[in-house]
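The values are calculated or read from the model by the stated rules, or taken from the named source; none is laboratory data. Model, not experiment: these values are computed from the prediction. With ideal geometry, Cβ positions are generated from the backbone for all residues, glycine too; neighbour counts draw on all protein chains shown.
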Amino acid sequence: MKKYKLVAIGNSITNGFPFRRSQSFPSILRELTGYEVINKGNNGETTEQVFSRFEKDVINHKPDFVTILTTTNDFIYDTASPEEAFLYLQKMIEISIENNIRVIFLSPLLTVPSMAQETWKTENITDYEKVNRELLEFSNLTIKYIEELNDERAKYLHLQKAFKIFEEETGQEQVYRDGLHPSILGQEFIARYIYDNFPFNV
């Protein structure tokens, strides 16, 4: 029986910050699926930075699947507009399809502004409400693109929407570590959500 390979690429949420890698959603997904799951999450990265290593960290591994979860840092650091971030994401999807890798776009989690502001106190105050608006806009652009692309090798999971419902049902303090990163319970939810809604037949 074929053992599938999945690369999870993204920023600190994929990496599992601030917990152990074994507690990250890619590690939990490995346990759930039995797949070879490679965690290529790097803390603090923007979508452009994720794209810059996509060839090395994804294509060179020749996986069957890739999950992409990124963009929050673009808007926290104000390095890109939703449209600019989307163009990098679009390139990653196109490269995946060219290499016959089935790609799963995970819409990025929204922040909890009050919690994030309290935890991440900096000299330059981040407008997390604006960050959330940009995250929504970016997600809508990407979801629309994937739907119009209509390619069986490119799918999305609306993690942003699912996690928001989970937050409302469970409580912010339970599912977020700091207003930006999921708690261990949140990481477990992400893994289970991907597993339960895996968009490809295997």
(request) Report those helices (runs of 4 or more DSSP H) wholly inside segment 34-86 carrying at least 2 residues which are of a type in the set (S, T, N, Q) and either at pLDDT below 95 or surrounded by fewer than 23 Cβ atoms within 10 Å (Cβ to Cβ) (or both). (result) 47-52
(request) Find the residue count for segment 91-134, including only residues that are more than 22 Å from Asn197 (Cα to Cα) and either assigned to a helix (DSSP H, G or I) or touching a helix residue (DSSP H, G or I) at 6+ places or on another chain (Cβ under 6 Å) (or both). (result) 22
(message) So the check is Cβ under 9 Å with 6+ separation or different chains; which pairs have a first residue in segment 87-104 that's closer than 14 Å to Leu6 by Cβ and a second one that's of a type in the set (Ser, Thr, Tyr) and in a helix (DSSP H, G or I)?
(response) Arg102/Ser96; Val103/Ser96
(message) I need the full set of residues from segment 14-33 which are closer than 13 Å to Ile194 by Cβ, buried (at least 19 other Cβ atoms within 10 Å of the Cβ) and out of contact with any helix residue (DSSP H, G or I) (no Cβ under 7 Å at 6 or more places or on another chain), in order please.
(response) Arg30
(request) Could you check how many residues of segment 156-184 are within 16 Å of the chain's Cα centre (by Cα) and surrounded by fewer than 17 Cβ atoms within 10 Å (Cβ to Cβ)? (result) 4
(request) Considering only segment 1-13, state which residues are part of a loop (DSSP other than H, G, I, E, B) and either modelled with pLDDT of 95 or more or crowded, with 19+ Cβ neighbours inside 10 Å (or both). (result) Tyr4, Asn11
